[in-house]
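As structure tokens, the structure follows; a few thoughts come after it.
Here, each number is a calculation from the coordinates, and none is a lab measurement. Remember, predicted model here, so these are calculated numbers, not experimental data. Here Cβ is always computed from backbone atoms with ideal geometry, including for glycine, and neighbour counts include all displayed protein chains.
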Amino acid sequence: MISAIYDRRSIRKFSDKPISQEDIKDIIQSGIKAPSSKNRQPWKYIVIQGNAKEEMLKVFRRGIEREENESALLPQSKQHISAAKYTVDIMEGAPTIIFVVNSLGKGILSEMTPEEHIYEM
């Protein structure tokens with residue numbers, strides 16, 4: 001079992017082969033079984049494919065452009081823009097994107113104490 005951790009790979013180039021609904025369900029079921037704080041399993045899964053993925057990428061790129069300009073919502077995060085661009089480029093090559101969202105988490109613009117930031121991570 002530990003070999004799964006040691007032998008894992010990070011994929012940055014993807015084939016254009018579609019992912020079956022069965023494989024997507026298996027991925028989500030594996031995530032559901034992952035541990036969470038106080039065993040609350042607050043995860044929600046969002047599967048993005050096809051035209052929805054293209055629209056999502058456009059929205060992400062517009063958000064990055066906004067953050068590069070004076071109308072930034074997260075001006076303290078400018079040092080992360082190049083990494084955000086790289087991530088969007090990687091996602092563009094993936095046939096399917098699965099977001100895992102903590103439904104109990106606070107919004108990115110929420111005022112938080114340092115302790116709350118740590119809890120959110």
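How high is the FRET efficiency between Val100 and Ala4 when r is their beta carbon distance and R₀ equals 25 Å, given to the nearest 0.05?
My answer for the efficiency is 0.85.
Output the Cα-based Rg and Dmax of the range 71-121 in Å, rounding Rg to one decimal and Dmax to a whole number.
Just the Cα atoms of the range 71-121 yield Rg and Dmax of 13.9, 38 Å.
Between Ile19 and Glu68, what is the spin-label point distance in nm, taking each point 7 Å from the Cα along the Cα→C-beta axis?
2.8
Can you give the extra length, in nm with one decimal, that the chain gains between Ile28 and His80 once fully stretched, where that is 0.36 nm per residue apart less the Cα-Cα distance?
Length gained, Ile28 through His80: 15.9 nm.
Going Cα to Cα from Lys85, which aspartates and glutamates come in below 17 Å? Please leave out same-chain ones fewer than 8 positions away.
Glu54, Glu55, Glu65, Glu67, Glu68
Could you sort out which of Lys25/Lys58; Lys38/Lys58; Lys33/Lys58; Lys13/Lys33; Lys25/Lys78 sit more than 29 Å apart by Cα distance in this structure?
Lys38/Lys58; Lys33/Lys58; Lys25/Lys78, as the Cα separations exceed 29 Å there.
So for Ser3, Ser82, fewest C-beta neighbours within 10 Å to most, what's the order?
Ser3, Ser82
Taking N as the number of residues in the chain, what value does Rg over Cα atoms divided by 2.2 N^0.38 Å take?
Here the Cα radius of gyration is 1.24 times the empirical estimate.
Calculate one ³J(HN,Hα) per residue across the range 102-111 by plugging θ = phi - 60° into the Karplus curve 6.51 cos²θ - 1.76 cosθ + 1.60, and present them in order as whole Hz with x for glycine and proline.
Working through the residues one at a time gives 7, 5, 9, x, 8, x, 5, 9, 5, 6 Hz.
Compute the distance in nm between two label points, each set 7 Å from the Cα along the Cα-to-Cβ direction, one at Val88 and one at Ser110.
Distance between the two pseudo-spin positions: 2.6 nm.
In Å and whole numbers, how far do the C-alpha atoms of the range 1-42 stretch along each principal axis, longest first?
The Cα atoms of the range 1-42 stretch 39, 27, 17 Å along their principal axes.
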